[in-house]
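Novice: I have a structure I would like to understand better, so I am pasting it below and will then ask my questions one at a time.
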Amino acid sequence: MEYVYAALILNETGEEINEDNITGVLEAAGVDVEESRVKALVAALEDVDIDEAVADAAAVPAGGAAAGGATEESADESADEGGDEEEAVEETSDVPDTADDDEEDEEASGEGLGDLFG
């Protein structure tokens with residue numbers, strides 16, 4: 001992950017993402033740099049717009065939100081087809097609330113930014 005973070009830092013500061021710059025960032029962070037990994041990363045990012053990739057990743061809904069949206073959509077369709085509005089409400093109420101589960105999963109996996117930076 002630190003190799004990707006180095007590329008993100010370089011992108012954020014407007015520096016060119018090349019082998020020398022990534023190696024410099026990693027060495028400054030105290031990482032034992034593997035030249036083959038640096039070369040692979042630079043090659044993989046050659047045609048990638050990092051700002052666009054980050055924006056796309058941020059726009060992806062969480063798994064629970066996607067499931068909830070699909071259920072609401074099907075409920076709306078059944079209401080439009082002359083179905084009883086009460087039935088549509090019942091269909092959407094069957095969707096479990098995953099907000100608490102997501103928070104627990106994040107805490108358990110240690111993927112929060114607070115865990116990353118102390």
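Novice: Between a first residue in the range 1-25 that is more than 12 Å from K39 (Cβ to Cβ) and a second residue that is hydroxyl-bearing (S, T, Y) and surrounded by 13 or more Cβ atoms within 10 Å (Cβ to Cβ), which pairs have beta carbons less than 9 Å apart while being 6 or more apart in sequence or on different chains?
Specialist: Close Cβ pairs satisfying both conditions: A6/T23; V25/Y5.
Novice: Tell me which helices (runs of 4 or more DSSP H) are completely within the range 22-89 and hold 2 or more residues being out of contact with any Lys or Arg (no Cβ under 6 Å at 6 or more places or on another chain), modelled with pLDDT of 90 or more and exposed (fewer than 12 other Cβ atoms within 10 Å of the Cβ), or say none if there are none.
Specialist: 35-44, 50-59
Novice: Same structure, new question: I'd like the full set of residues that are of a type in the set (A, V, I, L, M, F, W, C) and closer than 18 Å to D47 by Cα, limited to the range 1-34.
Specialist: Those that are of a type in the set (A, V, I, L, M, F, W, C) and closer than 18 Å to D47 by Cα: V4, A6, A7, L8, I9, L10, I17, I22.
Novice: Right, here's the next one. List every residue pair whose Cβ atoms lie under 8 Å apart, where the two residues are 6 or more positions apart in sequence or sit on different chains, the first residue falls within the range 46-57 and is within 14 Å of V4 (Cα to Cα), and the second residue, located anywhere, is of a type outside the set (S, T, N, Q) and in a helix (DSSP H, G or I).
Specialist: If the second residue must be of a type outside the set (S, T, N, Q) and in a helix (DSSP H, G or I), the pairs left are I50/A7; I50/L8; V54/L8.
Novice: Can you say whether E16 is modelled with pLDDT under 50, of a type in the set (D, E, K, R), loosely packed, with under 11 Cβ neighbours inside 10 Å and in contact with a helix residue (DSSP H, G or I) (Cβ under 8 Å, 6 or more places away or on another chain), as far as the supplied structure shows?
Specialist: It is false that E16 is modelled with pLDDT under 50, of a type in the set (D, E, K, R), loosely packed, with under 11 Cβ neighbours inside 10 Å and in contact with a helix residue (DSSP H, G or I) (Cβ under 8 Å, 6 or more places away or on another chain).
Novice: Within the range 4-19, is there a residue that is assigned by TED's automatic domain parsing to the domain that holds A55, in a helix (DSSP H, G or I) and over 25 Å from A55 (Cβ atoms)?
Specialist: yes
The values are calculated or read from the model by the stated rules, or taken from the named source; none is laboratory data. All values reported here derive from a predicted model rather than from experimental measurement. Cβ: placed from backbone, ideal geometry, glycine included. Neighbour counts: every protein chain shown.
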